[in-house]
Structures are given as structure tokens and as C-alpha cells.
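Working notes, structure below.
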Amino acid sequence: MAFAAAIPINRISAKPGQIAAVALIALFLAIFLVIPAGTVIYTAFTEKGTGALTIVNFQDFFRTRLFQQSFFNSVYVSAMSVVWGTLIALPLAVLTTRFEFRGSLLIQTLGFIPLIMPPFVGAVAMQLLFGRNGTVNLLLNDWLGFRIPFMEGLNGVIFVQSLHYFPFILINLSTSLRNIDRSMEEAAQNLGSSGFRLFRRIVFPLAMPGYLAGASLVFVKVFDDLATPLLLNVKDMLAPQAYLRVTSVGLTDPMGYVISVILIVVSIFAMWLSAVAMRGKDYSTVQRGGGGLSKRPLRRGEAVLAYGVVGLILLLVLSPHIGLLLLSLATVWSFSPLPDGFTVAHYTRVFGESSLYIKNTLIYASLAGLIDVIVGGAIAYLVLRTKVIGRRWLDWAATAALAIPGVVLGIGYLRTFYGISLPDGTPLATLWVMVVMALAIRRLPYALRACYAALQQVSQSLEEAAENLGATKQRTIRRIVLPLMTGGLLAGFVTSFSTAAVELSATLMLIQSNSDAPIAYGLYVFMQSPAGRGPGAALGVIAVIMVAACTLLSHYVVERRQKTLGMNK
Amino acid sequence: MLKTIAAAMLISAAAIVAAHAEGGGKVTIVTSFSKDVTDPFKASFEAANPGYTLDVQNKSTSSGVKYVDETKGNNQTDLFWASAPDAFDSLKSRKLLTRFTPSVTGLPDKVGSYPVNDPDGFYFGFAASGYGIMSNDRYLEANNIPKPSEWGDLTKPEYYDHVAIAAPSRSGTTHLTIETILQGEGWDKGWGTLKGIGGNLQQVTERSFGVPDAVNSGQTGIGIVIDFFAFSAQASGFPVSFAYPSVTTVVPANIGIVANAPNQKGAEAFVNYLLSEKGQTVLLEPTIRRLPINPALYEKAPEGFPNPFKDPRFQSMITFDADVSKKRTDVVDTLFDQLISFQLDKLKGATKAVHAAEQALAKSDNAEARGLLEEARSLIAAMPITAEQAASQEVRDAFTGGDQKTARQAELEQQWAAFATEKYAGAQSKAEAALALID
């Protein structure tokens, strides 16, 4: 790392191909993100009633006590979620990548599942376990006479958010750890470093791009997330305030859009900050050891401790899903530690319809994931490897998508695309492809961060070597850059894919018929009535299993690939 | 070969024309009702009207309204179907509904004291809903608290931290409940009751179903809900009870045909079906359990099912003045948010202190403490604006952006929030001082 402070980027002038790529991506972002969101957010800059341009709404924002408090709370909760998310992710990542640890593939997959929290049912399941009268507190109260307010106030939000979003850190950090060259570690060991010092001074710093990618995602995602605070009925945070104002019936309140603008600005600022933190450092390593860091066997005592820690963490982070499973099998579950009885009736009820939902979800989410990896990879390459004008703007525009509430994007799509008719008279906005585009835009920042981290770890000298040997730029990208980035690209795809599979807020606006509906929508229509809770949970379990199976498969493919690479050396 | 194709095309074209002539095809309905409600209706409607298929698009009431509004240029929706009358009012005022006279006759004009249909014929009531108090029996038993039956009960100390409500700005049905209390008890006394309940709230949810959901799962003991949430939960086996307080109102849940509906005939067929005896019977299904608008149906209703046309308690319910409600909708919702939802911690802090002082006072009387406590109570109940101001053009224009506004909505919100913060803090310190005097 950083032996040479920032290898100077040697291509000052842009190639026509690069300019074309920038133009193409800019067009894509303009059509599917900037214009639709702009048609809605524009309201922030207009005076209510007259529609005249003004900035008075922003002055009102900073003068209002509630918004000041909300702003502070959002920053505090996001920062604390990063801290707790790190504490959960770090042991899992290190143990599974640095030690010979049986079942690390399983742990990597399980540790990833919390990200797939189906809407509504996930919330109900969490309340049934950790709520004031959830399983844990009912038992605590019976036995010991006290309750722990897991799910109350800002601390409740931090608790749920850390459990929900720590996989961002886990995935990106693990990928980074795998990509570290073994020789770095060996060199340090030869010089007498070992144990925690080795980790702190050599390994962790080398994995910094992955960690920062994950941590900045967690920060921004928590900052912009409205589902969790609303589930816990915490309203004095920015994202819920924006949502509550944007979606009220009949009101055209500019403050909701003002907050959206503030959210976008803060998100971009946080990403910019993490980029600054990385500036002037080079994290790439030239060699690729097979499978990254050397794996050390655990001693007996260490193994017991390690498995204990991993087991506890997994139990904690998977508890919402255990609750979900119980809920899907429960007859009635009300004010009791466990359901009154069990049944499989809910699964039979959703069985007929679920195949359609599953098919739609798989198509939408994998297309969205694919688009994200392609666009994200291209943006990462343009930013890190070229000097084309406007490349940073692409990065920021794509990142801004994190901060745009799904419902704003949904309304924007209706405004922009509903007027355009297809030859048979149906509006363009009703086509299922638009759902895919909305999902791709909403999840693009995840894939982008992963691609960014992956490319930062590839040494430019490898590309230069290839070019010196006469390879063209395209050939270098295809034969050198892409293979070395595989792990990161896959991490990006998996994150985009699995979170898109359970996304609801933008889809709810755009779904036009039940035959086009993904599983999250199916869940939503069940979760509005008491009798629909069980079937909704059953659909939720099906969604989680489906996404987890796809994730496990892709981990398996990467693991095998890395093994064969390692053997060839 | 060519001839066969041409012939086939002709036949299919003729078939399409024929189908259109008799009616049929896809009827698209945007609704906030869950699958448990829409599925039985879809099956029964399609069986009764062969040739039609009902395409259900499920959206929350507010996004449904936004959706119909945003897509009006190329409308694909035939019907809008939801509970909250204010959503229909909003659609009607934006000219998004079309007038229609259903063929079903003989239905009552009023349920309780609320007109069943829109006077201009843009939307029609198909079921009645009353508001009341839902409670979880296991929760009440475990916490050893009695079943509440009146709004006033919910202000009592024993219900501290046990009550849930949906924010009226988010739930049209809760808005009507709030407005009913304000109209029934008057502006000042009504807000006093609401803040009394507010001080006992455990949560203010952002969607209507959040409240019955929390009560069903036992996260909270008592919820202020629309009746069918409780009835359908009972039918699904949840240990919950429901009571109509004496100050309440019954209002219709509605359906309306969207302007420029692509399948006007189909839309009319569904409205007629929904109001027919067949359609009304579906309302009694265990997963739906809504009060039919056709009085004859109550003979088929299960034991203990309330009948708003016969039961005396519904006859004595107050007259709900929709005009008064409409004038101050935004103001009432925003006041609730700024004085209760967003100030919940401070309001609860003050309420808890008042409860503690009351309890101590009951044991040993102290005149000075009593005076302080009275001051604390009136500080909590104080309102930043009067009923007249709430309905005034200046305040309404602040919300709509009209010319007569004297302040922007954001400025009013900040003023009201600051007012509440100050009063609640004052109330808390007075109540604490009172308690200190007694000790």
C-alpha cells in the first residue's frame, strides 16, 4: 500500500470511446433519474400557490426547530449505526476470510440475509420478538421483572438499522480482505509483526477501500431510510419527515421536497468525504495470491471462542427472520412469547400465486442488478482511470439516487413517462420495463460503491503492462481489469439484486396489474388485514429463501473460481 | 391461405365488437382494500357478470389519489374504491370522478346522521364504518386494566402509555374520528380530550392499519380504529374487543367512477353489483366484516353484529357537519401533528407528572398543590388558535398558498410547535412543584 503516494494517472486526454461512455451514462441517468426526480423535487424551489421561484422554503427549513432536531437525530443515528454495524461485521468478515473456518461460505451467506428484509412483515416480526411486548421482553418481565426498550426511540432505530444494514460492511470488507495480496502479510510477518498489530497496521488498512465503501453506504442508507424510523414510530428524523409530507392526501407542501433536497446534498457530501479520505493513497496490489490472505487454522480454544462469537452474532442478526418464519407458521400470535399454534395453511394459501410473483421478482431484480453492475462498473472505471470531464458528476448523480424517496421517483416516472404512448395506446409508464429501470436506479449506488472498491484494489501497473505488451484498451479491460474485479462486481450485483427483490416504495406507484407484480407487492396486498398476516409472512419467507439461494449460488461460483485461479498459479 | 387469415381476422374483430356491445372486458379498480376484501368481491362479481374481469390495483389511499391525478392525461383506471370520504372529496374537487346514477334503488339516504352518497352523484357509499376503541384482551388482563368504552376513559392515568392512534394527517379515517370528537365536544374541550389521550399514547402510527396491527400482536393494548379492523381480527381469532363510544359517528366507505374511464360500462356494472344484495352480502364474509348499507342484509349478519339502522346507540350519535370539517381539515391535522405527534415525549412527560401529583393529592389534600395542578392542566390544554381562527381564510390560505395568507405553513407550524413545547415544559414543572409541596 501507498509505497508511491498516488501513482499519477497518465491519461490526461480523453479518448473518443470514453467521451461516448460518459455521454451514454449521462443520458441514462438524465432520463431515468434526474428528469423524473426533478419534475417532483422542483416544488422545493417554488412558492406555494403562485409557483414562483424562491428559496424561502429553505430558510423555513433552517428556522424550524423540528427540522433542526431531525437533522441532528439523523446524523447521530447514521453515525452510531456505522459504529455498531462495524462491530457486527468485523468479526464475521475477519474470521471467515483470515482463518480456516468451516462453514465460512454459509456464514457469508447467512450474514448477508438481514439485508433482505421484506417490507411490513419484517417489521411485524421484529416487534413480535423485540418489541415492548415481544418474546424477549415478555420472558424477561416474567422471570426478572424488567423490560429492555430495544425498539424504542433513537436507540431502537440504531439497533434495527445496524442489524439491517451491517451486511453492506460485511460484503465489501470481505471482498477487500480476499483481494489482499498474501505477500504483504508475509513481508510484515518476516519483519516481526504478528497478531493484532499485523491486522491493525497491515491487513485492515489494505482492506480500507472495501470498509469505507461499506461504511459510507451504511451511513447514507441509514440517513435516507424512512421505513425503520416509521416502523418504530420515530418521526423526528429527516427521511420520515420528508415522506410524511410528500405522501399526505391533498396537501402540496413544499417542505417535503425541501427535505429531499437536503437529503440528497448530505448523501453526496458523505460520499465525497469518503472519497477525500481515500485520496492520495493507493490501495492496489500487483499480485493476486490464490484466494487472497493466507488462512490460518484456529487452535482449539480459539475455535470454541470464534464459533461462539459467530453463532451469537448470527443468532442476533437472523432473529428477525426466525420471527418471520414463526409468524408464517403461526395461527394466532398475540401478547405471548410464542404463537398459540402452528399451521402450514398460510403457505398453501399463497402457493398458487407465488410462482408468478417469484418469476417477476427474479426477472426484475436480476435485470436491475445487471444494469447496475454495468453502469456502476463503467462509472467507477471512468472516475478512477480517466480524466474525462464530467466523470465525477456521474458518480454524484448516481449516488443521489440513494437519497430520493422511492415514492418521489415513482411519481416522477408517472409524470415523465405516462404521457408517452406506445403504438397500441398504452402509456409507456405501464410497461414492466419501467419497474426494472426504477429498481436499477434505486439500487445503482450499492453496485457503484462495490465496483469502486474493487477497481481501487486493482493495480494500474497491471494494465500498463498489458498495454506495453500491445494489448488495446478494450482488450486490457476485458482480459485484465474485469477478471480482477470479478469479486467486487459480484458483490455489487448481489447487493443490488437482493435489495431490489424486496423493494416496494417505487414499485407501488408503477405496478399496473397483478400479473406484473413482484413479490413485495404481493406481500403488501396481504399485509393490510388481520387474516393476511400469516400469508404475508409466508410470502416473505419465500422471498428470503429465494434471494438467499441466489446469493449462495453466486458465492459458490466465486469461491470455486478463486480456487481454480489459485491452483493454476 | 390469405383468405383464411382474413376471415379469422374478421371473425375475431366481430367478436371484439360484439363483446363491447354487450359490455365486458377488463374493469380496472384502484383500491386501498386488502386482498382479503378484494378477492371475495372479484370472484363474486365475475361469477355474476360473465365476460368481465376485475383487475385490482392495490395502493394506499394517498398514493391512489396521487396515481389517479398523475395519470389523468391517459387514464387507464375505471374505479376508485376506499374508505376515507376525504379522498373522494379531493378527487371530486380535482374533477377526477364522473357522475353516475346507480340502478339499485331503495337504499337509505343516511346512515347515522351522515349522507350515504355524494349529493352530486360522484361517489356512493357501499358500507358503513363507525369509529371506536379496540383493545387486546390478553394485554389488558396482564396489565390489570379495565376495558375502556368512552374517549374520556382513555385520558385516565391507568391508560398511560397503553394507547395507539394513527396520525390524522396520514389516515383519513382517523381524521374523521378526531373531527367527530371536536364537533361533539366543542373545539376547546375536544382538544382537551385529545391531548389527554395524547398524553397516554404509546405510539402514533403513520398508516391506519398500523394501529390494529399493533393491538393484534399485543405490542399495544388499546387502539383507536375503524370498526371492521376489530371485527375481522375477531373473525381471524385474535383476542380483541371493540366498543363504540357515545360520541362517535358512522360514515360510509365509498366507490366512485373515475372520469374518462376506459371501460365505463364495466365500471357501472361493478357499482351496481356492489350495491346489489349479492354484492352487499359479500361484506359479511369473516375476513371483511363491514356494515352493509342495505338494511335488509342485517338479518343474515352473525350474532352480535352491530346494526347502524336499528341500534339506538347509533341513532343518538352526533350530527357530523362535513362543511365544518372540510374548512379546517389541514389545520386540524397539522395541529395534531405539531401539538401531539411530534411533541409526544414532552406531552407524555407533562402528563406523567400531572398523574403523579393527582395520585399524591388524592391521598393528602393540599390547596396550594391543587392550584398548581390546575394551572398545569390548563397549560397542557391551551391551544395556539381558536376554532374561528382555524377556519379563517388567512390560516386556510397559509396551507393552500392563497393570497390572503399572513404567514406560510412552515411558519405557522414552527409557531405552534414552539407554543406546545413551552406550555408542556411549564405544565411539567408546575405539576412537579405541586408534587413537591405534598411530599
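The values are calculated or read from the model by the stated rules, or taken from the named source; none is laboratory data. Just so you know, these numbers come straight off a predicted model, no measurement behind them. Here the Cβ is made from the backbone with ideal geometry for all residues, glycine too, and neighbour counts use every protein chain on show.
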Tell me the helices (runs of 4 or more DSSP H) entirely within the stretch A:165-226 that contain at least 1 residues that are in contact with a strand residue (DSSP E or B) (Cβ under 7 Å, 6 or more places away or on another chain) and not basic (Lys, Arg).
A:182-190
Which members of the stretch A:332-364 meet the condition of being touching a Pro at 6+ places or on another chain (Cβ under 7 Å) and either crowded, with 20+ Cβ neighbours inside 10 Å or more than 14 Å from chain B (Cβ to nearest Cβ) (or both)?
A:TRP333, A:SER334, A:HIS346, A:VAL350, A:TYR357, A:ASN360, A:THR361, A:TYR364
For helices (runs of 4 or more DSSP H) lying entirely in the stretch B:334-439, having 2 or more residues that are among the polar types (S, T, N, Q) and either away from every other protein chain (no Cβ under 14 Å) or surrounded by 17 or more Cβ atoms within 10 Å (Cβ to Cβ) (or both) picks out B:344-363, B:409-438
Members of the stretch B:39-68 that are part of a strand (DSSP E or B) and of a type in the set (Phe, Trp, Tyr)
B:TYR52
The conditions are (1) buried (at least 21 other Cβ atoms within 10 Å of the Cβ); (2) within 14 Å of chain B (Cβ to nearest Cβ); (3) touching a residue at least 60 places away in the same chain (Cβ under 8 Å), and A:SER515 fails exactly one of them. Which is it?
(1)
Whether any residue in the stretch A:205-228 is more than 14 Å from chain B (Cβ to nearest Cβ), of a type in the set (Val, Ile, Thr) and under 16 Å from A:GLN457 (Cα atoms) is what I want to check.
no
Among residues of the stretch B:105-149 being in a loop (DSSP other than H, G, I, E, B) and within 14 Å of chain A (Cβ to nearest Cβ), the residue farthest from A:LEU138 (Cα to Cα) is B:ILE145
Reported set for the stretch A:365-422 where residues are in a helix (DSSP H, G or I), charged (D, E, K, R) and either more than 14 Å from chain B (Cβ to nearest Cβ) or buried (at least 20 other Cβ atoms within 10 Å of the Cβ) (or both) is A:ASP372, A:ARG385, A:ARG391, A:ARG392, A:ASP395
Quick check on the stretch A:118-164: of everything there that is in a helix (DSSP H, G or I) and touching an Asp or Glu at 6+ places or on another chain (Cβ under 8 Å), which residue is nearest to A:VAL317 (Cα to Cα)?
A:GLN161
Determine if the stretch A:450-465 includes at least one residue that is more than 14 Å from chain B (Cβ to nearest Cβ), under 25 Å from A:TYR42 (Cβ atoms), of a type outside the set (Gly, Ala, Ser) and within 22 Å of the chain's Cα centre (by Cα).
no
Considering every residue within the stretch B:220-231, establish whether at least one is over 26 Å from A:VAL121 (Cα atoms) and more than 12 Å from chain A (Cβ to nearest Cβ).
no
Taking A:THR472 as meeting all but one of (1) crowded, with 19+ Cβ neighbours inside 10 Å; (2) farther than 29 Å from A:ILE171 by Cβ; (3) hydroxyl-bearing (Ser, Thr, Tyr), write down the number of the exception.
(1)
Lone qualifier among A:VAL525, A:VAL481, A:VAL541, A:VAL547 - being hydrophobic (A, V, I, L, M, F, W, C), in a helix (DSSP H, G or I), free of Cβ contacts under 8 Å to residues at least 12 places away in the same chain and on the phi < 0 side of the Ramachandran plot
A:VAL525
Residue in the stretch A:502-519 that is nearest to A:ILE116 (Cα to Cα), counting only those that are of a type in the set (A, V, I, L, M, F, W, C) and in contact with a Gly (Cβ under 9 Å, 6 or more places away or on another chain)
A:VAL502
Can you tell me which residue among B:ASN263, B:ASN272, B:ASN254 is over 24 Å from the mean Cα position of the chain (by Cα), surrounded by 21 or more Cβ atoms within 10 Å (Cβ to Cβ) and touching a residue at least 60 places away in the same chain (Cβ under 8 Å)?
B:ASN263
Which of the residues spanning the stretch A:138-158 are in contact (Cβ under 8 Å) with a residue 12 or more places away in the chain and of a type outside the set (Lys, Arg)?
A:LEU138, A:LEU139, A:ILE148, A:PRO149, A:PHE150, A:MET151, A:GLU152, A:GLY153, A:LEU154, A:GLY156, A:VAL157, A:ILE158
Taking the condition of a type in the set (Ser, Thr, Tyr), at pLDDT below 95 and assigned to a loop (DSSP other than H, G, I, E, B), does A:THR50 pass?
yes
Condition first: over 22 Å from A:ALA403 (Cβ atoms), among the acidic types (Asp, Glu) and at pLDDT below 85. Can you find one or more residues in the stretch A:183-203 that meet it?
yes
Are any residues in the stretch B:155-172 surrounded by fewer than 24 Cβ atoms within 10 Å (Cβ to Cβ) and touching a strand residue (DSSP E or B) at 6+ places or on another chain (Cβ under 6 Å), and if so, which ones?
B:ASP161, B:HIS162
Please specify each residue of the stretch A:430-444 satisfying the condition of being more than 8 Å from chain B (Cβ to nearest Cβ) and within 18 Å of A:ALA517 (Cα to Cα).
A:LEU431, A:TRP432, A:VAL433, A:MET434, A:VAL435, A:VAL436, A:MET437, A:ALA438, A:LEU439, A:ALA440, A:ARG442
